[in-house]
Amino acid sequence: MKDVKIITIDNRGRIVLPLVTRKNLGLTTNSQLMLVSDSETKEIRITPIGLKSEGNLVKIKVIMKDKPGALAKILDIFAEEGISLVYSEAVIVEKDKTAVWTAISESPKDIEILKKILNEKGEALEVSFSQLD
């Protein structure tokens with residue numbers, strides 16, 4: 001069931017999620033939400049998520065060859081390592097040459113080992129990790 005409401009941003013930049021919306025989604029005090037804003041389309045998406053701790057989120061950026069199956073190899077590695085993703089987006093930078101995959105996940109136990117596996121087994125061209133703002 002879709003619920004459409006018009007809400008207003010207050011003078012401190014806050015919004016209030018209506019009670020019916022919170023109830024329909026099972027949101028309670030301290031529920032965690034992920035906000036994704038797209039400046040090109042002028043859209044905001046808010047998605048409920050459940051994390052152990054918001055302090056250990058990392059943003060992962062993988063540059064890879066743009067070829068069939070390249071992203072699947074990367075995602076297989078994350079599955080094998082037991083790393084769940086909160087958000088993921090892939091973009092072709094140059095057709096048949098390079099693509100960029102950006103993801104948000106809980107921080108892996110050993111980032112350097114994961115980088116090495118992504119480079120060797122996943123054929124990543126470049127891998128970077130940064131703390132989520």
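Quick look at the numbers
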item	result
Hits in the range 84-109 (condition: in contact with an Asp or Glu (Cβ under 8 Å, 6 or more places away or on another chain) and closer than 14 Å to Phe129 by Cα)	Trp101, Thr102, Ala103, Pro108
Close pairs from the range 64-82: first surrounded by 13 or more Cβ atoms within 10 Å (Cβ to Cβ), partner part of a helix (DSSP H, G or I) and of a type in the set (Gly, Ala, Ser), Cβ under 9 Å, at least 6 apart	Met64/Ala70
Residues being among the basic types (Lys, Arg) and not in a loop (DSSP other than H, G, I, E, B) - total across the range 1-26	2
Residue list for the range 37-61, filter: surrounded by fewer than 11 Cβ atoms within 10 Å (Cβ to Cβ), modelled with pLDDT under 80 and not in a helix (DSSP H, G or I)	Gly50, Lys52, Ser53
Filtered residues of the range 95-124 (kept if outside any strand (DSSP E or B), surrounded by 14 or more Cβ atoms within 10 Å (Cβ to Cβ), touching a residue at least 12 places away in the same chain (Cβ under 8 Å) and not hydroxyl-bearing (Ser, Thr, Tyr))	Pro108, Ile111, Leu114, Lys115, Ile117, Leu118, Gly122, Glu123, Ala124
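The values are calculated or read from the model by the stated rules, or taken from the named source; none is laboratory data. Because the structure is a prediction, the values reported are computed rather than measured. As a convention, Cβ positions derive from the backbone with ideal geometry for all residues, glycine included, and neighbour counts pool all protein chains shown.
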